[in-house]
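The values are calculated or read from the model by the stated rules, or taken from the named source; none is laboratory data. Note that the structure is a prediction, hence the values are computed from the model and not measured. As a convention, Cβ positions derive from the backbone with ideal geometry for all residues, glycine included, and neighbour counts pool all protein chains shown.
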Amino acid sequence: MDRRAIVAGTGMTPPRRLTGSEALHADGTDLKAFLIHFWQWADSDLRSNVTRGRFAEYLVARDLGVAHGVRSDWLSHDITAADKTRIEVKSAAYVQSWFQKRPSPISFDIRPTLSWDPDTGEFGDARRRQADVYVFCLLHEQDETKLDPLNVAHWRFFILPTRVLDQNCPDQKTLSLRKLQSLHPEEVSFGNIAAAVQRATLRSLQASGDEGSGAR
């Protein structure tokens, strides 16, 4: 089946990447408004949990060199690397959009899920973590007056093979920063995520090989 011709069995073509210059109209009548205006209205608050999460995915995709397409809400994982490694991206921040007496404690969602196939509309039969590698993205600046999510220096990225989560937190739904650090992820800055993901993938493959050979 040609994925360019059909999506999820609906006969719909996949979304094309838009520029923001597309005009709103009423059957061709110009409304003097453009798609960029919607984007500005909907996604300008990068501190918002939902928007920050999508922005973190973009940063990871950008670092991996796979940010050229259109983000999908329906895949069982967030990003597919060029080498087909499946990546799950989680984000957290100390500063939120609402009033705070103190910085938020850092926690990431790691719960196992049921996969869903957008081509068949069917769920998988077992809950598990769907990706090969997790990238935990922390917007670490704690001074609200200095915080700038567009400044990639305000982000830190923790890369961990999924098998480490499965071995140490098999049924756990959330992961604190302290617990994450105890699992010895590789912590990197923007620009170094792709190489760290490759190392995490290799680390996982080597561990699988050791188990298969009976090595201890």
For D78, which of the numbered conditions (1) free of Cβ contacts under 8 Å to residues at least 60 places away in the same chain; (2) under 20 Å from A153 (Cα atoms) fails to hold? (2)
Criterion violated by L183 - all others in (1) touching an Asp or Glu at 6+ places or on another chain (Cβ under 7 Å); (2) of a type in the set (A, V, I, L, M, F, W, C); (3) closer than 17 Å to E88 by Cβ satisfied: (1)
Pairs under 9 Å by beta carbon, first residue under 23 Å from A153 (Cβ atoms) and in contact (Cβ under 8 Å) with a residue 60 or more places away in the chain in the range 182-205, partner among the acidic types (D, E) and assigned to a helix (DSSP H, G or I), six or more apart or different chains? F190/D63; G191/D63; N192/D63; I193/D63; A194/D63; V197/D63
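Would you point out which residue out of D43, D78, D73, D27 is surrounded by fewer than 12 Cβ atoms within 10 Å (Cβ to Cβ) and modelled with pLDDT of 95 or more?
Details: D43 fails: surrounded by fewer than 12 Cβ atoms within 10 Å (Cβ to Cβ); D78 fails: surrounded by fewer than 12 Cβ atoms within 10 Å (Cβ to Cβ); D73 fails: modelled with pLDDT of 95 or more.
The match here is D27.
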Do we find that Q100 is over 30 Å from T19 (Cα atoms), of a type in the set (S, T, N, Q), assigned to a loop (DSSP other than H, G, I, E, B) and at pLDDT below 95 in this structure? yes
Only one of V50, V89 is in contact with a helix residue (DSSP H, G or I) (Cβ under 8 Å, 6 or more places away or on another chain), under 30 Å from S182 (Cβ atoms) and of a type in the set (A, V, I, L, M). Can you tell me which? V89
Tell me which of these I87 doesn't satisfy, since it passes every other one: (1) free of Cβ contacts under 8 Å to residues at least 40 places away in the same chain; (2) of a type in the set (A, V, I, L, M, F, W, C); (3) buried (at least 16 other Cβ atoms within 10 Å of the Cβ). (1)
Going by the conditions given, is D132 surrounded by 13 or more Cβ atoms within 10 Å (Cβ to Cβ), touching a His at 6+ places or on another chain (Cβ under 9 Å) and among the charged types (D, E, K, R)? yes
Looking only at the range 59-79, decide whether some residue is in contact with a strand residue (DSSP E or B) (Cβ under 6 Å, 6 or more places away or on another chain) and in a strand (DSSP E or B). yes
Go through the residues of the range 151-158 one by one and say whether even a single one is at pLDDT 95 or above, within 18 Å of S208 (Cβ to Cβ) and surrounded by 14 or more Cβ atoms within 10 Å (Cβ to Cβ). no
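Could you grab me the full set of residues in the range 26-58 that are in contact (Cβ under 8 Å) with a residue 60 or more places away in the chain and touching a Ser or Thr at 6+ places or on another chain (Cβ under 9 Å)?
R47, R52, F55, A56
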